[in-house]
Structures are given as C-alpha cells and as structure tokens.
1. Based on the alpha carbons, how large is the Rg to Rh ratio for the chain when Rh follows Kirkwood?
2. Hey, what angle do you get for helix 28-40 against the long axis of the chain, alpha-carbon based, 0 to 90 degrees rounded to 10?
3. Express in whole angstrom the spacing between the alpha-carbon centres of segment 34-48 and segment 68-117.
4. Identify the trypsin sites (Lys or Arg not before Pro) of segment 47-129 meeting these criteria: DSSP loop state and at most 15 other C-beta atoms within 10 Å of the C-beta.
5. Quick one: length gained pulling R83 to M1 fully straight, 0.36 nm per residue minus the C-alpha distance?
6. Taking Cα atoms, how many degrees apart are the long axis of helix 3-16 and the longest axis of the chain, rounded to 10 and kept between 0 and 90?
7. How much mean residue ellipticity at 222 nm does the chain get from its helices, if each DSSP H run of length 4 or more adds -39500 (n - 2.57) and you divide by all residues, to the nearest 500 deg cm²/dmol?
8. Keeping all protein chains in place and using 1.4 angstrom, which order do C82, C126 fall into by accessible surface area, from largest down?
Amino acid sequence: MDSLSDLLTRIRNGVKSKKREVNMPSFRLGVEVVKILKDEGYIKNYKVIDDKKQGVLNVTLKYTEDNRSVISGLKRVSTPGCRIYCTRDSIPKVLDGLGLAIVSTSRGVLSGRACEELGAGGEVLCSIW
C-alpha cells in the first residue's frame, strides 16, 4: 500500500467530484506534502485531527469564484517499484515552471523551487499543476 499515492488519489477524486474537503489517514510524509501544497496556494487549508489512533488528515480544497478547481492535475512520479531521483541541476520543471514538483531531500520535503534555491536534489515524489 502506497500512502502517498492514496493521498494524491483522494485529492484528485475530491477535485473531480467538487468536494470542499477530503479526509484520509494521517502520516508524516503526507502532512509535509500537504503543507507544501498549502504554502504554494493549491489547497485552502489542512488540519490533523487526533482520533487516538493514527489520526485523520483533513484537507480543504481550493476553488476559484466560478467553481473551478485550482488543481488541474496531480501525478505520482516516483513509485515504490520505480524510484525517480534528480540532482540539484536536473530538478524537473512542471509545465515550464507553471506547475510544482515536490522532492524529498536530505533537508526534508521541499518544492522544486526551494530545491533550486538550496541546491539540493533527491527523490521526486509528485508533480502538480
């Protein structure tokens, strides 16, 4: 079971069905990815709800005034069966810089732009546009 793929699929399905918020089991990497999505403006908000077990990650999706989603697409790049890595010189550009790549580095989970600024590479987790 790939937790990050499950997180991205739940967000993608929530966007397609015009839901305001989606819930999923909480995990550390998922919280870091959702935090980057909030900082970059792709989602409205998120919160971790303690349920005395694993916890629930509640993500509030963001829509424009004409009820179109800010998120056009999500794609898992590196999978458990085929890991994709990048160096600091080869950080992928999503839609020529209009999208966002999320990279897991030795300095934590960072956006592609932050990786370029810090000069860090790592595993390319997903891309969003």
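The values are calculated or read from the model by the stated rules, or taken from the named source; none is laboratory data. None of these values were measured; they are calculated from a predicted model. Note: ideal-geometry Cβ built from the backbone for every residue, glycine included; neighbour counts use all protein chains shown. We work out accessible area using only protein heavy atoms, side chains counted, and drop any ligands, DNA or RNA first. Shrake-Rupley method; radii C 1.70, N 1.55, O 1.52, S 1.80 Å.
1. In the chain, Rg relative to Rh is 0.96.
2. 90
3. 16
4. Filter output for segment 47-129: K52, K53, R68, R83, R88, K93, R107.
5. 28.0 nm
6. Compared with the principal axis, the helix lies near 60 degrees.
7. About -8000 deg cm²/dmol.
8. C82, C126
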